[in-house]
1. Lys/Arg Cβ at +1, Asp/Glu Cβ at -1, dipole of region B:87-353 taken about the Cα centre: which of B:Ile90, B:Leu125, B:Gln220 is farthest positive-ward?
2. R0 = 22 Å: FRET efficiency of B:Phe173 with B:Gln82, Cβ-based, nearest 0.05?
3. Quick check on chain B: what are the equivalent-ellipsoid semi-axes from the Cα gyration tensor, as sqrt(5λ), descending, whole Å?
4. When chain B is modelled as a GNM with alpha-carbon springs shorter than 10 Å, which of B:Gly181, B:Gly306, B:Gly170 fluctuates the most?
5. In chain B, with Lys and Arg counted as +1 and Asp and Glu as -1 at Cβ, which of these residues, B:Leu244, B:Leu138, B:Gly342, has the Cα nearest the positive end of the dipole, that is, farthest along it?
6. Less than 27 Å apart at the alpha-carbon level, and either on another chain or at least 8 residues along: which lysines does that give for A:Lys201?
7. Non-local amide H neighbours of B:Glu333 (under 5 Å, H modeled in plane, Pro and chain starts lacking H): which ones?
8. Check A:Gly75: other-chain or 5+ apart residues with amide H under 5 Å from its amide H, H built from backbone geometry?
Amino acid sequence: MAPLSDETAPLNDTLALPGDALREGVVQALRDALGEGLLDSLIKPNDDVWVRVSTEAWREAGLVLRDTVGCDHFGFLSAIDWLPSPFGRGEDDPTAPAPERDTEIKQGYTGGSTRMQVFARVTNISKHFGVTIKADVPDHEPAVDSWIPVYAGANWHERECHEMFGIGFNGHPDLRNMYLPMDFEGHPMRKDFPLLARLVKPWPGIADVEPLPGDDAEDGGDA
Amino acid sequence: MTDLADRQKLSYIAAQAADARLNVELETEGMTLNIGPQHPATHGTLRIIVRLDGEQVIWAEPGAGYMHRGYEKLTEVRTFPQVTALVNRIDWLGSFANEVPFILAAEKLMDIEAPPRAQWIRTILFELSRIANISLFLGDLGVQLGAVTPVFMAFRDREHVLNLIESVTGGRFHPNFDRIGGLKDDLPAGFIAETKQVMKKLRNFCDEIENLLFGNEIFQSRLRGIGVIPAEVAKQYGLSGANLRASGVDWDLRRDQQLPLAYDKVDWKVWTHPDGDSFARCWIRLQETREATLIVDQLLDGIPSGPIMAKVPRIIKVPEGEAWVSTENPLGEMGYYVVSKGDLGPFRVKIRSASFNNISIVPWVLRGVYVPDIISILASLYFILGDIDR
């Protein structure tokens, strides 16, 4: 059957994989434009590139990525809370005393100096590569510049981020909650916000799982 | 391709002109219209509030969040293998496709790769989920525009695909079949012959839909030139999948990135359409369903033998690191940003679902359209509620 469109795509011959030289170029372009604003970068060979910019340079970095680097497709924008969860994985016995937990904040790739970071993913469609960009969010006043002037699609992502992490976005016109009631207290995706389902009904544990045949007794049932 | 840019520019100018007309021609009193959350035309619980001037929309705001289940938080108290049971339920019409990017991200962090046979079966199941998902869209599309027959055809033929998925995974909607390092099980006996038959039926279904709907004059006049999204705007909002390709952007993650799946082993094509209107979006999906049946056919012919599971420890600890993997799911780009701290479970999972971005353009695209077009534009953008709210 003849296709209804008068114009169709070329055949599947445009497979071009990004090289590491291209990723070096991305980092260099950001360094040229931002100078001190580019704090750190990480290139995993044949895989991906991460950059971290200062809080002040967040919007500027977005503009550079969009206009100079050519990442015109907006992927997502969100945040990470690097505080280790005080509740572990929600499997504590409520009758026993709370176990000692690590409270040291340790950031991931490209480091960081604050508890929370915003991060985003943008893609260059014509050259087939993406960039993950992060920025620190100040602890005392968690807010960064809004990315709406850069990518219009950041609007909803920033609203979600605002209600889930309590991060403000300067210049965002409408930071209403998307999911939660407006009078909801707390920010559910922060690590110090407990998973309420596990507090109401404690995790039953793994004791009643039968070990698989042939397993050692000590690691049986741990899944 | 200058032609493409011109056409989009013209559509855009037309939309702008419609906008300007709003303020000049009509000076009626505005009215607020609420659609949903429980409205048959919104496929679930999406609420849209529109402000009208006469018959035209001057402002629209979708209200999501009626189905927010907090999967990002829940993943933090699950082990890596347990997460697939959650993410299955994001886009429930194409469940298997939700598992794949997460498993690939975990495998990337562990630096293991599934054996070739597992990769091929994954790709086959991935495309079967796509067919199951989009065939329902093609049927549902008719209902949105007042044609009742196509939806029965869609349910009839989707059933065959669901039976296939069930015969492999044991689950019709939530397979939970993908494992880190491979798959739970091999294909059942007789699967290949059965699938080839079903793929023929599905191609017939596509032809039927094309004859019944796409050539229909009412259908065309309801969709052609309505809800035009230019390529630049589509990219700004992060549209993906058929919605992006319908705006003339030649971008398909199955082709344009290197993943351990079998798409580069078969000969297929990425469909694009220059118009960016509702019709283009529906038409792309029709072509993609047909293309997916051809991909499945070719994969069945060349499926390699061998194990379906790589060597993985029984208790899976994923090394410290961060990984982003996205795939071309039925609804668009679906990706997971997985942060691991070397523990049994992930430290943070950001789920980038396609519908969230696809629907965030609604306030932009509904500006200036007429009331009956609201439903057809929403239908053509195609969203699954679970995929918006997660």
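We did not get these values from a lab; they are worked out from the coordinates using the rules stated. Only a predicted model underlies this, so the values are computations on that prediction, with no experimental measurement involved. No Cβ is skipped: glycine too gets one built from the backbone with ideal geometry, and neighbour counts run over all protein chains shown.
1. B:Ile90
2. FRET efficiency, B:Phe173 to B:Gln82: 0.75.
3. The answer is 37, 24, 18 Å, longest axis first.
4. Judging by the Gaussian network model, the answer is B:Gly306.
5. B:Gly342
6. A:Lys191, B:Lys73, B:Lys317, B:Lys341, B:Lys350
7. Those lying under 5 Å, H to H, from B:Glu333 are B:Ser240, B:Gly241.
8. The list, which skips near neighbours in sequence, is A:Arg121, A:Val122, A:Thr123.
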